[in-house]
Structure formats: structure tokens, C-alpha cells
């Protein structure tokens with residue numbers, strides 16, 4: 001399911017996607033690791049300018065408390081879209097058998 005969030009607040013909104021909630025709900029870690037000896041996990045963030053919408057978000061964003069609050073307050077609007085069906089190649093016409101001639105073949 002594709003998640004679409006629209007900022008309805010008229011102000012810039014920034015949401016931190018904490019590891020404890022977002023990554024656990026997602027099933028894999030999306031954090032950035034700092035290089036070096038003291039490697040630390042840096043959580044992702046999501047920025048929405050006033051009146052903009054972000055499409056194709058993971059369902060896990062709905063587990064973030066700040067996003068839940070913004071949805072309840074009406075600062076964000078949530079839309080869910082089913083993913084587009086995968087395109088299949090058009091069926092190829094039946095290939096003619098080689099070695100046999102049919103009527104009309106030269």
C-alpha cells in the first residue's frame with residue numbers, strides 16, 4: 001500500500017523517524033551509521049513544506065508518534081493508494097512451426 005501524506009498546516013513540518021519505532025515497524029533498519037570507532041545510528045527525518053505532499057512512503061511512517069499526533073490534529077492528511085498492477089508484456093502471437101508450410105506461404 002502506498003502512503004501519501006499532505007501537509008495541511010500551512011507551516012513547514014519536520015518529523016524524525018526514530019529507530020525504535022520506524023525501523024522496527026519497517027522490519028529493517030533505515031538509519032545511517034556514522035563511520036569510525038564510535039559508530040552511532042542516525043535516525044532518518046522527513047520534511048514537508050507547507051501544502052506539499054509526499055508519495056510512496058512506507059506504511060511504517062504511521063507508527064511514528066509525532067506523525068500520529070499531526071494526523072489527529074489535522075496538520076497532515078493521509079491517503080492510501082493500492083500499488084499499480086505490474087505491467088505484463090502483451091501476449092505474443094503463436095509462432096509458426098518451422099519446417100511446415102501452411103497455405104499461402106511462398
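The table below lists the values:
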read-out: Positions within segment 40-70 being within 18 Å of residue 3 (Cα to Cα) and touching a helix residue (DSSP H, G or I) at 6+ places or on another chain (Cβ under 8 Å), in sequence order; value: 44, 46, 58, 59, 60, 61, 62, 63, 64, 65, 67, 68
read-out: Residue, surrounded by the fewest Cβ atoms within 10 Å (Cβ to Cβ), within segment 51-70, restricted to residues that are more than 16 Å from the chain's Cα centre (by Cα) and part of a helix (DSSP H, G or I); value: 65
read-out: Single residue of 11, 28, 37 found to be out of contact with any helix residue (DSSP H, G or I) (no Cβ under 8 Å at 6 or more places or on another chain), modelled with pLDDT under 90, farther than 16 Å from residue 79 by Cα and surrounded by fewer than 15 Cβ atoms within 10 Å (Cβ to Cβ); value: 37
read-out: Hits in segment 71-81 (condition: outside any loop (DSSP other than H, G, I, E, B) and surrounded by fewer than 11 Cβ atoms within 10 Å (Cβ to Cβ)); value: 72, 73, 80
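The values are calculated or read from the model by the stated rules, or taken from the named source; none is laboratory data. Predicted model, so just to flag it, every value in this text is computed and none were measured. Here Cβ is always computed from backbone atoms with ideal geometry, including for glycine, and neighbour counts include all displayed protein chains.
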